[in-house]
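These notes concern the structure reproduced below.
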Amino acid sequence: MSISDLLKFGSKKADEHAGAVKDAPAPKGPETVVASKALPKFISALSHHESPVLVDFGPVIGANVAFFGEHLGCKLHIEDLATEIDKHARANTRDALPAALSGRFTQSDQTVDGVLCWDIFDFLEPAAAKALAHQIVRVLRPGGAVMGFFCTKAMERSSFTKFEIVDETGTSLRHRHHPGSGGAKYVLQNRDIIRMFDGLNVSESFLLKSNTREILLRKRT
């Protein structure tokens, strides 16, 4: 069952909601702030739509809700997919993830303007990644945008990350602690991403110093 929340805000309402949201406590010690090249381009793509519909695969983060409400006035669907992954990991039912992701999204075909994947694909086996990508392509409108972070090195174990927008342009992201247990990270090659997102074109691709690839895809019109 989906835990999606539908949040529709103008800038004032977004600010009010952001003050009411209680995020998970931050870990002790400094949190990394990194530059993003793809996120500003993603925001720019959505700014051309009136009241765009945005699906966010991260958890509810007050600062992000306020940012998207103020800059886009969007309808925001929150989907914390790390929680879904954790649930199946604890139950030892990761084989059921493809079916769970296929049935999770209730949006009709071609009704979404943008999808923020963050790094969620890093934590999915090929079958689950393919199932999720199929749903993204299905719900995305022609001309819609998708942004994702993809690792270039596999890891046996890694924690989830909460990505918090910390400036007015969307160029800086704070990497915050996510309470989920995390898991293995899988590498997707560029050709695999292109094949998986059949119907979308790679609009922008950036390889960061952290060896993370930021990719912006657009649905063909």
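Nothing in this text is a laboratory measurement; each read-out follows from the coordinates by a stated rule. Bear in mind that the values here come from a model prediction, so they are computed numbers and not experimental data. With ideal geometry, Cβ positions are generated from the backbone for all residues, glycine too; neighbour counts draw on all protein chains shown.
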For the chain, set up a Gaussian network in which alpha carbons nearer than 10 Å are linked by springs, and say which option among M155, M196, M147 fluctuates the most. M155
√(5λ) per eigenvalue of the Cα gyration tensor, the stretch 53-159, largest first, Å: 24, 16, 13
Which helices count as membrane-span-like in the chain under these terms: full DSSP H, at least 18 Å along the axis by C-alpha, Kyte-Doolittle mean of -1.0 or more? 126-139
Suppose the chain between D198 and Q110 were pulled fully straight at 0.36 nm per residue; how much longer would it get relative to their current alpha carbon spacing? 30.2 nm
If each K or R counts +1 and each D or E counts -1, the residues other than K209 whose Cβ falls under 14 Å of its Cβ total +2
Distant-in-sequence amide H partners of A184 (H built 1.01 Å from N, under 5 Å): S158
Can you list residues whose amide H is under 5 Å from S203's amide H, if they're 5+ apart or on another chain and H is modeled 1.01 Å from N? L216, L217, R218
Match the structure shown to one of the listed values [x] 0.95; [y] 1.77; [z] 1.05 of Cα Rg over 2.2 N^0.38 Å, computed from it, and give that label. [x]
Output the Kirkwood hydrodynamic radius of the stretch 33-111, Cα pairs only, in Å rounded to one decimal. 14.6
FRET efficiency for K37 and A91 from the Cβ-Cβ distance with R0 = 41 Å, rounded to 0.05, comes out at 0.65
Helix-only [θ] at 222 nm, the chain, -39500 (n - 2.57) per DSSP H run of 4+, per residue, nearest 500, equals -9500 deg cm²/dmol
Over the chain, what is the relative contact order in percent, taking alpha-carbon pairs closer than 8 angstrom and at least six residues apart? 24
Subtracting the Cα-Cα distance from 0.36 nm times the residue separation, let me have the gained length for E156 to R220 in nm, one decimal. 19.5 nm
Using a Förster distance of 22 Å, the FRET efficiency for A99-A63 (Cβ separation, nearest 0.05): 0.05
